[in-house]
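Laboratory data are not the source of any read-out in this text; all were calculated from the coordinates shown. If you're wondering where the values come from, they're calculated on a predicted model, not measured in any experiment. Cβ coordinates were reconstructed from backbone atoms using ideal geometry, including for glycine residues, and neighbour counts include every protein chain displayed.
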Amino acid sequence: MLKSILHITDLHLNNFGGTDEHLRKRYYKEFLDGLVKCITDSNQKVDIIVISGDFVDKGKTDNFQYVSEIVEYIGLKLNVEKSNICACIGNHDYEYKKEKSDGSNSSELRIPYKDFSIQYTATVIVSNDRACLEKLDSEIYYLSLDSTLGSHLPDRKGKPGNISEEEVDIIVNDILRENIPENSILLIGCHYPIEVFPNSLGGVSEENWSDKHQWSQAGFLRSRINNIPGVLKIWFFGDTHFPDHLFYESALFVMTGRFGGSTNSESQLSRQCKVVNIDEGSNIKNIATYNFRMTTHEDSAMNGYWSSEVSEIRTIQTSKNDREVPVTKTPIAPTINFDDIDKISDTIEKKIIERIKNLDLYSFGRFKTSNDNTSLGWISINQLLNEQKILSSIVSKSVSRIENLLNHSVSETAIIGLDFWGAIIGSQVSVRTGIKHFCLATRGHGQYHSNLEIKNTLLEEIIPNLKSIVVFIDVISSGSTVNKTIEAIKQLNGIIEFHLISVISNNNQLKSEFSRNLNSKGTFCLDLKIPVLNNIELPDEDILPPNIDFSIKSE
C-alpha cells in the first residue's frame, strides 16, 4: 500500500488578524504555498493529514473558525479530502483555566473543539470521551486519543491527564482488537507524547519537564496497543515542539516540531512538518522533513523559506526477544543497539589502563558532574593524555573511524571538540581530514553554557547545512554533557547525524535516552569502570561534601 501521511502539530493560532504569526490572515496562504511547492518539487505526494493538537493558543476557542480556514486551504492545495484529515485535541484547545477540579465541566469545555473537529471525521467505528476510532479506507484506521482528559485533578493541573485501567482495557480490546483486522495500518494521534524522545531539550532546562509534557500514565496503553499483532502502528505526537522519530516496540513514533506560534516567543525553533512514506509492501520507507528556515538570525514572521530533507528511521531494539520475534510490517531501517558502545582499539585501551595504574591516576570520591548525577570515580585526564604516543594513537584511530563511518562529504560534516582535550583531539583530526572543527566549552564556573557558545559562533551559521557532526570528549560520566550539546544543536537542525568518540566510557554511562541521539558511539577505553549514581542516592553534602562540583548553581 503506497501511502504518504503529512504530520502537522501545534499551530497555536493566537491572533489571526495580527502580524507576528506565519498563519495570520494576510500571510498564511503565502506560507502554505511555499510548503506545497517544496513538497511537490521534491516529488512528494500527500494522501492523509494528521494534526496532533494545539490548533489554537491558550484556550482561544473562537479561533477555531480561522483554523478551519487554514486547514481547508492545506487540504485544497494538497488535494486531500476532509475525510482524510485527522485531528486530536491538545491542551490549548479548550479553556483549561475554567476546568473545575471535580471534572464536572470537562466535557462541556471540549465541545468547541469537537464541533470544530467533526468536519474532519471519516467513518466513525467507536467513539467515547477518551478515544475515537475512524476508518479512512479499507486498510487504514485512525485512533484519536484525548491525553488532556483527567488533567482537572489538582495534581495533574497543566499536565497530561490520568487514565484508568478500565479505559485502557476498553481502548485496546473493545475499540481496537475488535475492529481492526490484521494487515491494516493504524495511525494514532495523541498530543502529549507517550514515548520518551531524546530531542526534548525542554527537559534540560524546565523543572519537572517529563511530568508536564510526557503522558507517562499511558505507558501501558502504548505497550498494549503496540502488542496488537499484524498491524502497522504509527504514533503522531505534539506539545514539546522538539522533533524526532524512531521505531520502537514494533511501532513508529513521530514527534514533529511546531507548525505555528508567535515569532515573539523565546523559542527559535523552525516551523516544521513531516511526511511519513509507506511503500507498496506497507513498510515504512522513510520520513521527509520540511523546515521553514529563517533568512535572519532571529525568528521572523515572513523572512524564510521551506527546505526538505529525507531521513531513514533508526530502530531501537530493547531486548533479545525483540530481535528474535518477527514483527509484521516492520520497516527496513538501520538498527542501533543502545546497550553497546564500540571499543575502537584494544591496544590503546590496554595502554590507557596501564598508564592509569602506573601513575595512580584514578581517584575515588564524590564528583558531582551535574545537578542529577555524581561520579564515584575521577581520572586525571591531563596526566593521561600528556603521553604523546597515546594521544597520537587516538588521533590516528579516530581518523580511520571517521573515514569508515561517514557517508557525507567533508563540506557537510563538522567536528566538535568538547572542552580542553576534546578540542585538542578534534583539532588534530580536523587537520588530517579537512573537516571543519569547532571547540565548545560545556562547563565553566559550574555552569553549562553550550547553548550560549553555539549561538555566538560561526558554528550556528553552518549548522543548517550540515548532515553529520563528530563529537569528541575525554571522559563520559553520565552522558548529560553530550546530550546538552547535541540538543542545543538540534534546535537549529533536527536531522543531523551524530557520531560520538570518547577517550574513556563504558556501557552504563550512556543511558538510552541520551544514546538515541547518536548514530554511532565509540570509545578507546571501555573496560574501566566509573560508577555513576543519582545524587538522591548519596548522603547529604554536609555529611559527604563533593570533591568537585559541576552542577548548575541557581542565581
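Using the number of other C-beta atoms within 10 angstrom as an exposure proxy, rank 461, 108 with the fewest first.
Listed from fewest to most nearby Cβ atoms, that is 461, 108.
Step through the table entries 357/529; 3/521; 212/484, compare each Cα-Cα distance with 24 Å, and write down the pairs that go over it. The partial results should precede the final answer.
Numbers: 357/529 13 Å; 3/521 34 Å; 212/484 20 Å.
Distance filter (> 24 Å) returns 3/521.
What is the calculated FRET efficiency for residue 68 to residue 533, with r their C-beta to C-beta distance and R₀ = 30 Å, to the nearest 0.05? Before the final figure, lay out the partial values.
Numbers: r = 53 Å, r/R0 = 1.77.
That pair, residue 68 with residue 533, gives E of 0.05.
Using mean Cβ contacts within 10 Å as the protection proxy, how do 123-133, 8-18 order, highest first?
The densest-packed peptide leads the list: 8-18, 123-133.
Among 229-237, 161-169, what's the highest-first ranking by average C-beta atoms within 10 angstrom per residue?
Working: 229-237: 22.1, 161-169: 15.2.
The packing order, highest mean first, is 229-237, 161-169.
What net charge do the residues around residue 187 carry, taking every other residue with its C-beta under 12 Å from that of residue 187, with Lys and Arg at +1 and Asp and Glu at -1?
Around residue 187, the charge tally is -1.
Report the FRET efficiency, 1/(1 + (r/R0)^6), for residue 362 and residue 420, where r is their Cβ-Cβ distance and R0 is 22 Å, rounded to 0.05.
Approximately 0.70, to the nearest 0.05.
Fewest to most neighbouring Cβ within 10 Å: what's the order for 387, 349, 280, 487?
280, 387, 349, 487
Net charge near residue 528: determine it from the other residues with C-beta under 15 Å of the C-beta of residue 528, scoring Lys and Arg +1 and Asp and Glu -1.
Result for the local shell: 0.
Give the share of C-alpha pairs in each 10 angstrom bin for region 3-336, from 0 to the last occupied bin, in whole percents, shortest bins first.
6, 27, 37, 24, 6, 0
If you count, for each residue, the other Cβ atoms within 10 Å and average over each peptide, how do 491-499, 19-27, 40-48, 533-541 line up from highest to lowest?
Result, highest mean first: 491-499, 19-27, 40-48, 533-541.
For residue 122, what is the net charge nearby, where nearby means another residue's Cβ is under 14 Å from its Cβ and Lys, Arg count +1, Asp, Glu -1?
Taking every other residue near residue 122 into account, the sum is -3.
Work the Kirkwood hydrodynamic radius out for region 62-116: mean of 1/r over every pair of different alpha-carbon atoms, inverted, in Å.
Here the Kirkwood hydrodynamic radius works out to 12.8 Å.
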